[in-house]
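Below you'll find the structure, written out as structure tokens, and then a few comments.
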Amino acid sequence: MYDHTLVELPGLPPVEPRRTLLVEALMTGEEYSFDLLVRDGAVGRLMILDKFLMAERYLECGFAYPPLDRSPEWQEQAWRTVEATVGALGLDNTVAHVEIMDDPRLGPTIIEVNPARYGGGVLPRMIGGAVGLDLNAELVALALGRPPTPRREPTLSTPIANLCFYPRQPGMLVGVRGIEKIAKLPGVAAVDGPDVPCRLSADDEAGQFNVITQGVGTREELLAVYREVEARLEWDIRWAGWKGVKRRPVPAG
């Protein structure tokens, strides 16, 4: 790529090809993620998630299905873009997690392709619960050339969402309080906390606390639940040099 002139977009600084760059930093628009299966060349669509809540440094704080404020026609166009990318890369008999940005100038544009894995965190649990499929078992079946994993009764009903919370400060996370109250909030289907103790820095995703919601379908409702959880969530963080904590998991709902 260093032998070719990169596209320069109006209003943005020139791209210097001799340094590392983040493609999505040169784009604008909403981000979406797609999880899928590929078996013998045929793509099986699992779920498209709207990354409706983003913090600075592209920190992902909320994923929603179905996508908020997006028509079925737009979703079909986006899926076709993803499927064309998977085909062009020659991915087969595996799974993939693909991300796009809906840039107002370029339309749905691929910014990330992750073969042989699903989205991170609790997304496989949430997606599998909604579509009625053991995603890990299906990945193994694809890798070993076995028949598809039987579908089961879904354990989550749509609309669903994953809300993510981060300590966002350095130190040693030794506990999370407020979990019982959070689990009882309307719309909360499950909670999943980090293993502790956990070493934190100010700008990474360590210590992530997840909430899965169901039946909460609008942006305003999801943001209201996010604020309710945030108000009840307490991080027990100790500073450098503090010792004597045994590793224990935060209870999951």
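Things to note:
- Net charge of Cβ neighbours under 15 Å - reference residue 222; Lys, Arg +1; Asp, Glu -1: -4
- Under Karplus coefficients 6.51, -1.76 and 1.60, residue-wise ³J(HN,Hα) of the range 26-34 in Hz, glycine/proline x: 9, 10, 10, x, 7, 10, 9, 10, 10
- Model label points for residue 116 and residue 152, set 7 angstrom from Cα along the Cα-to-Cβ axis, are 2.6 nm apart.
- A cut-off of 5 Å between modelled amide H atoms, ignoring neighbours fewer than 5 places along the same chain, links residue 103 with 109.
- The ranking of 83, 76, 56 from fewest to most other beta carbons within 10 Å of each one's beta carbon is 56, 76, 83.
- Among 181, 51, sorting on how many other beta-carbon atoms sit within 10 Å of each Cβ, with the fewest leading, yields 181, 51.
- By the count of neighbouring beta-carbon atoms within 10 Å, fewest first, 79, 235, 74 end up ordered 74, 79, 235.
Each value in this text was obtained by applying a stated rule to the coordinates, not by laboratory testing. Model, not experiment: these values are computed from the prediction. For neighbour counting, all protein chains shown are included, and Cβ atoms are generated from backbone atoms with ideal geometry for every residue, glycine included.
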